[in-house]
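Note sheet for the following structure.
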Amino acid sequence: MPRGGGWRPGARWAQGDAGRRARIAEEVAALPLHQRPTMQEMGRRSEAAEHPFKRSVPVAQPQPTVVAPIPFAIPMILAEQSGQRQIISAACPAALALGLVPGMAVTQARALIPELDIRPADAETDRIVLDSLTLHAVRHWTPIAAPSGADGIWLDLSGAEHLHGGEDRFCRRLIGFCRRFGFTARVAVAGTPGAAHALARFGRDPVTAIPCGGEAQALAGLPLAALRLAPEALAAAARFGLDRIVDLLPLPRGPLARRLGLASVRRLDEALGRVPEPIVPVVPEETPVTLRRLLEPISTADAIEQVISDLLADMVERLQERGAGARTLVLTLERVDGSEQRVAIGTSRPSRDAAHLARLFHLRIERIDPGEGVETMRLAATRTDQLGATTLGATFAGDDVADVTTLVDQLAGRVGGAALFTAAPVESDVPERAVCRADPLAAPTGWPAWRRPVRLLRRPEPLVNVIALLPDQPPRRFTWRGQLHAVVAGDGPERIHGEWWRRDGEVWAVRDYFRVEDDAGARFWLFRRGDGVDPKTGDLSWYLHGLFG
Amino acid sequence: MMSVIARHHEALALLRETMGAVREDAAVMPFGIADMDERLADGGLALDGLHEVSAATPTLTDDAAATLFAVGIAARAAQANGRRVLWALTRFDLYAPGLEQAGLDPATLLFVEAREDKDVLAVMEDGLRHGSLAAVVGEVKRADMVATRRLQLAAMTGKTPALLSRRWRRQGICPLAELSAAMTRWRIASAPSARLPAAGVGRARWTVELARQRGGPPFTLELDACDDTGRLALPAVPRDRAPAAAGAAARAA
């Protein structure tokens, strides 16, 4: 006991009820963040700090609400680079249940949970997904939609909610729609975009709807981060002890603007509806469509081709305005009896060449059945890509640039895209796996240097009556498909080992390839399984694999 | 009598001149072997016509030799002007490293695997008329006179050589027995190669027979197979066993 008694108001030892502070601290910790009493209410002027030299009675640590860890789920987190270290930007429910929160360092997370699945956060792809979701919203739900921040969408439902059966039903459908894509959605409907933003992210329920004019009441309990304030303004507000929106409401605007900045005051006004905040909608791109209504129904191939060339001329103009080339064109013919026929063509590179596209349509024209007659023809470019101006300098100079892309399109239209390919090398010693099919316009390189036959049999064929000196002499004679061949000269062996990582049977397997010539001048490529020394490498049977010219 | 004959001779001479003039500006690709080029009517392979190649016997090895002959021609055409080669077939069993070792870089090859022979012929015609290829090669079993005439016209229009490889349909009948409008028709068989002093298979050798050509007599030659630039060569005459074997290595033409 210190001299003089050591009495001071609030001294811990003077309190009769031991553990009262601990109990109060426990209760406070059990409340959610936005309901905890402020520091002013707790009677503190600053955060309580522990005495550096005294070890106090350990206050019962507020136990975090025990969430059952999700069994058999490998927790996954997304890591992003922030300055010198990597921090967690998002955590799956399994990771959250294990105590990992966004903002924690990844190294700490890895130390806590060894079997963590860490993926890099890809903000670009997230933005693309959000943009496509907004485009879908504009096309299907409401004409005014825009992305809000990096993880949300604003939809202006004024005048559109009756189409979806009311706000409640629409919100539920929205959540179901997002769940089908694997997203967890929170929806808030309010009179101002700022209030909706705040309630969707920091509100209590997944679906919130507040009446017009009730923003102040609904937003009162939310923290200041819900108002989209700048980080400096948030830090300044924390210094002044302002941590809920309700704290800002009674304050005079002038001093508030001086302390937190004019932008913060504007955000507050926008949220409460005093200042309008318009949503800048996303405008979807229209597919270029050209239409021809015919005076008299036509049914001959010539007439249809003529109309196709007219449509293509119009379409080329539209594409030129946009600086785009067509990749997929769909021609819809409406017949007199009301039914529709569709013909589609595709090109491998964006194209604005009317003659080339007309030729591609010409290949498909016999699939059209005009019936009684065709009265309307519509051409739509459903898929377009950027196509800038192409330089014609080479053609004027006289060197013909051989462009095979138009030929590729034409042949693809005749036999189908899958029948066109070029041979590309695969890094593999095993001969039948060394070649694969590739895109016809690719330019693969990297071929093996040793002698290879020009024709390879689909499956190596077994040879019988083979006489050969082991281990590395070519055979002296063999019988293939019932015919005896006497070998005059042979090259080899070329040893090719199996790929042990593909199949267990190939772990020790070895093939010795020989190039042999028989007395009639025919040259074969045959192999023997096994090296002749170790029985594990093969059973010493002979096969024919290919033919040289 | 004499004046009639003289007038006939004059007319023939005039005709020969005009035909010769027409054929003069056609592009020709010589083989590089004097014996062969002087026996060919144009002094080489005409680059705007249809040429047919077939195996001499229905065995697979002769078929491979005929394929390699076509590959050599296509390779030299592709090397000359840097364009691509279209290969149309119904069943893909070519081995690309083997093609590369005969001079045809697989990056310049565009394969089309069609379902039937008539699709193969249609694809060949499309490729020939497009005019931006170095050569068009097709493998068919059946191609009648009408089809070959269309291919010849398309080759002349697009100024691209067309090589038609005919496969054996039935055991006894040579595929070149069918009528065709091709400019040259070749029959290839594999022949025993020269013996090397050491153990090993030397450069392959073929019996190349020009079965029929437009404007000239047929001939048969024994030649060394294509090297890695697609060129054929005359085999060295073996004067003496040892030095002949050494000289039988590719005498590049």
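Rule-based calculations on the coordinates, nothing more; no lab input. Only a predicted model underlies this, so the values are computations on that prediction, with no experimental measurement involved. Positions of Cβ are backbone-derived with ideal geometry, glycine not excepted, and every protein chain shown enters the neighbour counts.
A straight chain from A:THR332 to A:LEU31 at 0.36 nm per residue would run longer than the Cα-Cα distance by 102.0 nm.
Highest mobility in the GNM of chain B, judged by mean-square fluctuation with C-alpha springs under 10 Å and restricted to B:ALA64, B:ALA13, B:ALA233, is found for B:ALA13. Just to confirm my numbers, what's the Cα centroid distance between region A:92-167 and region B:171-190 in Å? About 69 Å separates the Cα centre of region A:92-167 from the one of region B:171-190. Distance from the C-alpha centroid of region A:301-363 to that of region B:27-45: 47 Å, rounded to the whole angstrom. Between A:ARG349 and B:ARG214, the modelled labels are 3.4 nm apart [label points 7 Å from Cα along Cα→Cβ]. Farthest toward the positive end of the dipole of the protein assembly as shown, out of A:LEU291, A:VAL187, B:ALA65, is the Cα of A:VAL187, where the dipole comes from beta carbon charges about the Cα centre.
Once the Cβ-Cβ distance between B:MET156 and A:ASP369 is put in as r, and R0 is 30 Å, what FRET efficiency do you end up with, to the nearest 0.05? The partial results should precede the final answer.
Working: r = 37 Å, r/R0 = 1.23.
Efficiency, rounded to the nearest 0.05: 0.25.
A simple rule links phi to the HN-Hα coupling: the Karplus curve 6.51 cos²θ - 1.76 cosθ + 1.60 with θ = phi - 60°, which for region B:83-92 gives 9, 8, 10, 9, 10, 10, 8, 9, 9, 8 Hz, with x for Gly and Pro.
Projecting the Cα positions of B:ALA78, A:VAL487, A:ALA73 onto the charge dipole of the protein assembly as shown (unit charges on Cβ atoms of Lys, Arg, Asp and Glu, taken about the Cα centre) puts A:ALA73 furthest along the positive direction.
Per residue of peptide B:107-118, the mean number of Cβ atoms on other chains within 10 Å of the residue Cβ is 5. The angle separating the long axis of helix A:262-272 from the principal Cα axis of greatest extent in chain A is about 90 degrees.
Partner shielding of A:515-525 amounts to 6, given as the average count of beta-carbon atoms from other chains within 10 Å of each residue beta-carbon. If a/c stays under 1.5 just call it rounded; otherwise compare a/b with b/c (prolate if a/b is bigger, oblate if not). Do that for region A:289-389, with a ≥ b ≥ c from the square roots of the Cα gyration tensor eigenvalues. Prolate is the answer for region A:289-389, as a/c is 1.5 or above and a/b outweighs b/c. Extension gain for the segment B:ALA41 to B:LEU14, taken as residue separation times 0.36 nm less the Cα-Cα distance, is 7.9 nm to one decimal.
With a ≥ b ≥ c taken as the square roots of the eigenvalues of the C-alpha gyration tensor of chain A, please select rounded if a/c is under 1.5 and otherwise prolate if a/b is larger than b/c or oblate if it is not?
Working: a/c = 3.47, a/b = 1.51, b/c = 2.30.
In terms of gyration-tensor shape, oblate.
Compared with the dominant principal axis of the Cα atoms in chain A, helix A:405-415 is inclined by about 80°. Here the 3J(HN,Hα) profile of region A:503-520, calculated from phi with Karplus coefficients 6.51, -1.76 and 1.60 at θ = phi - 60°, is 9, 5, x, 9, 4, 9, 5, 9, 10, 9, 8, 10, 10, 10, 10, 9, 5, 8 Hz, Gly and Pro shown as x. Taking amide H positions as placed 1.01 Å from N in the peptide plane, with prolines and chain starts having none, which residues 5 or more places from B:SER165, or on another chain, fall under 5 Å of its amide H? Amide H neighbours of B:SER165: B:VAL53, B:GLY138, B:GLU139, B:VAL140. Amide hydrogen proximity for B:TRP87: with H placed 1.01 Å from N in the peptide plane, the residues at 5 or more positions away or on another chain lying under 5 Å are B:LEU110, B:PHE111, B:VAL112, B:VAL137.
Under 5 Å between amide hydrogens, built in the peptide plane, is the criterion, and for A:ARG495 it picks out A:TYR513 among residues at least 5 positions away or on other chains. Ellipsoid fit via the Cα gyration tensor, region A:105-203: semi-axes of 31, 15, 13 Å, each the root of five times an eigenvalue, largest first. When both bridge partners sit in the protein assembly as shown, DSSP labels roughly 75% of those beta bridges antiparallel.
Each label was represented as a point 7 Å from its Cα along the Cα-to-Cβ direction; for A:ARG322 and A:ARG253 these points are 4.6 nm apart.
If you take the square roots of the eigenvalues of the alpha-carbon gyration tensor of region B:26-186 and sort them as a ≥ b ≥ c, do you get rounded (a/c under 1.5), prolate (a/b over b/c) or oblate?
It comes out rounded by the Cα gyration axes.
Axis of helix A:354-364 versus longest Cα principal axis of chain A: the two differ by about 70°, to the nearest ten degrees. Packing around the peptides A:108-119, A:85-96, A:152-163, taken as the average count of other Cβ atoms within 10 Å per residue, puts them in this order, highest first: A:85-96, A:152-163, A:108-119.
For region A:529-537, backbone phi angles converted through the Karplus equation (6.51, -1.76, 1.60; θ = phi - 60°) give residue-by-residue couplings of 7, x, 9, x, 10, 10, x, 5, 7 Hz, Gly and Pro being listed as x.
Using alpha-carbon pairs under 8 Å, 6+ residues apart, how would you state the relative contact order of region B:26-186 in percent? Working shown, then result.
Details: 317 pairs, mean separation 48.4, N = 161.
Normalised by residue count, the contact order of region B:26-186 is 30 percent.
With an 8 Å cut-off on Cα pairs and a minimum separation of 6 or more residues, tell me the relative contact order of chain A in percent.
Details: 805 pairs, mean separation 36.0, N = 549.
Normalised by residue count, the contact order of chain A is 7 percent.
Its relative contact order, with pairs defined as Cα atoms under 8 Å and 6+ residues apart, puts region A:124-185 at 20 percent.
For the peptides A:499-506, A:524-531, A:461-468, the ranking by packing is A:524-531, A:461-468, A:499-506, with the highest mean count of neighbouring Cβ atoms within 10 Å listed first. Here each label is just a point 7 Å from Cα along the line to Cβ, and for A:MET104 and A:GLN341 those points are 6.5 nm apart.
Within 10 Å of the Cβ of each residue in A:407-417, the mean number of Cβ atoms contributed by other protein chains is 5.
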